[in-house]
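In what follows, a structure is listed as structure tokens, so that the remarks can point back to it.
Read the figures in this text as sums done on the coordinates, not as results from a lab. Owing to the predicted nature of the structure, the values given are computational and were not obtained by experimental measurement. Glycine gets a Cβ as well: all are built from the backbone with ideal geometry, and neighbour counts include every protein chain shown.
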Amino acid sequence: MPEIKVRPNRMELLKLTRRLNVARRGHKLLKDKQEELMRQFLSYLNELEAVLTELIKSLEDVNRAFQLASALGDPFLFDRTLVEPLSKMEINVKWKSVVNVPIPILEVVYPGPLLYGFLGVSVELDSAYRQLLDSLDKLIRLMELEVSVINLGIALESTRRRVNALEYELIPQMESAIRFISMKLEELQLETITRLMRIKDIIRGR
């Protein structure tokens, strides 16, 4: 007996056959979506790993640059320069859709140049700040990629569950139900033919 409760008649067979065709088309579409999600997930993940490696290297360079700037300038003025923020920035968040998954786009807005006194501060500080801003861009990109990977991973897992539910549960159950109804209809048809033949024999015997 199939897991789906059905009545063994032709109307039920027709309905189940239509549902099965829809389920198979849905499974095909979800399977294609799953493959594209996996492709996008791996693409973003690979970029995330690359950007993370670049960011670590960049921050090491920034640290050395600031150490050099501190060593070549007045330590007191250097520390005082770093106390106050040299510039303010804004981050605007936008979203795009990749396979119906929200992907963030972070836009950094720098309102103006870095402002600080030059007295007692080495020119290496400018270079250090430029490297810091470059690292900041990498950090922003890393944030984009992390959220993207998380969102794609959630969508991928959800799609995988739906694909498996169709492939291993719903579609086999409907196929089993169709076989069950077909078998019962064949039995009914055979019984009908047998009865008709008996009736025919009875009529001929008279």
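Which of the peptides 144-157, 14-27, 91-104 is most tightly packed, and how do the rest follow, going by the mean number of other Cβ atoms within 10 Å of each residue?
Highest mean packing first, the order is 144-157, 14-27, 91-104.
As an exercise, use a Förster radius of 35 Å and the Cβ-Cβ distance of Ser127 and Ile105 to find the FRET efficiency, rounded to the nearest 0.05.
Result of the calculation: an efficiency of 0.75.
Hey, what do the phi angles of region 143-159 turn into as Karplus ³J(HN,Hα) couplings, whole Hz, using 6.51/-1.76/1.60 and θ = phi - 60°, x for Gly and Pro?
5, 4, 5, 4, 5, 4, 5, 4, 5, 5, x, 5, 5, 5, 5, 5, 5
Lys5: which lysines have alpha carbons under 24 Å from its alpha carbon, excluding same-chain residues fewer than 8 sequence positions away?
List returned: Lys15, Lys184.
Can you return the lysines within cross-link range of Lys94? Criterion is Cα-Cα under 30 Å, with same-chain partners fewer than 8 residues away left out.
Lys31, Lys33, Lys57, Lys138
Using θ = phi - 60° and the Karplus relation 6.51 cos²θ - 1.76 cosθ + 1.60, list the HN-Hα couplings for region 18-32 in order, rounded to whole Hz, with x at every Gly or Pro.
So the J values, rounded to whole Hz, are 5, 4, 5, 4, 5, 4, 5, 5, x, 4, 4, 5, 5, 5, 5.
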